[in-house]
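Quick note: the coordinates plus some simple rules give every number you see, no bench work behind them. Since we're looking at a predicted model, the values are computed, not measured. Ideal geometry is used to build each Cβ from the backbone, glycine not excepted, and the neighbour counts take in all protein chains shown.
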Amino acid sequence: RQMVLAQSMPNFLRPPIAYLFKLFKQERSSMYVENVGVKEISVFNKAVYGIQLMQNKLESWIKDNKVDGIISPLFALPAIKHDEFTKVGFAFFYSSLWNIFDYPSCTIPRVHIVTKEDLMEEYTDSKYGADVITKAARESLKDSEGLPIGIQVSAPIYRDEECLALTKRVDDILKKHVIQQKV
């Protein structure tokens, strides 16, 4: 609901609403309000050009460093409860990055939250530590012991088979080293 509301907000309201969010130390909400909504085609074209530049830099880095694939979390949190998605929807989907670049990706639901990990000390970043998204994420982590954390394996564009092979290899390594805790 919050995302839909922000997207449908008239453009003239965005700066004052974003400013109010900043006043109340809600930096991420402020950035979101400033950046969503209907844009002119020139803004879209600029974004596409920026994505292409980033993709070219990433592809050069991958080639220069002989990287076969990239292993990352799938989501910023472990599996969330159905009713919590609207509260933590601003949390970053790591998969979005690879989707934007057209990179093939696979997910392994292998690792689980272990005892006491769900009760880690409070996150105290001066910029984001007190915002509603961090609070919702902390709430989501309560009683998350045993929930899976998705591991994502991505490979450069047009290397789908290599991505599948690398995913199988990572999964085999995780099984061998018993990373999957018993729930």
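List of remarks:
- Listed residue pairs exceeding 18 Å between alpha carbons, taken from K22/K135; K142/K175; K81/K135: K142/K175
- Shape category assigned to the range 1-89 from the gyration tensor of Cα positions, a/c cut at 1.5: oblate
- Note, ³J(HN,Hα) from phi for the range 18-24, Karplus 6.51, -1.76, 1.60, rounded to Hz, x at Gly and Pro: 4, 4, 4, 4, 5, 4, 9
- Peptides 40-51, 147-158, 6-17, 66-77 ordered by packing proxy, namely the average of other Cβ atoms within 10 Å per residue, highest first: 147-158, 66-77, 6-17, 40-51.
- Straight-line cross-link reach from K176 at under 29 Å between alpha-carbon atoms covers these lysines, not counting any fewer than eight positions away in the same chain: K66, K116, K168.
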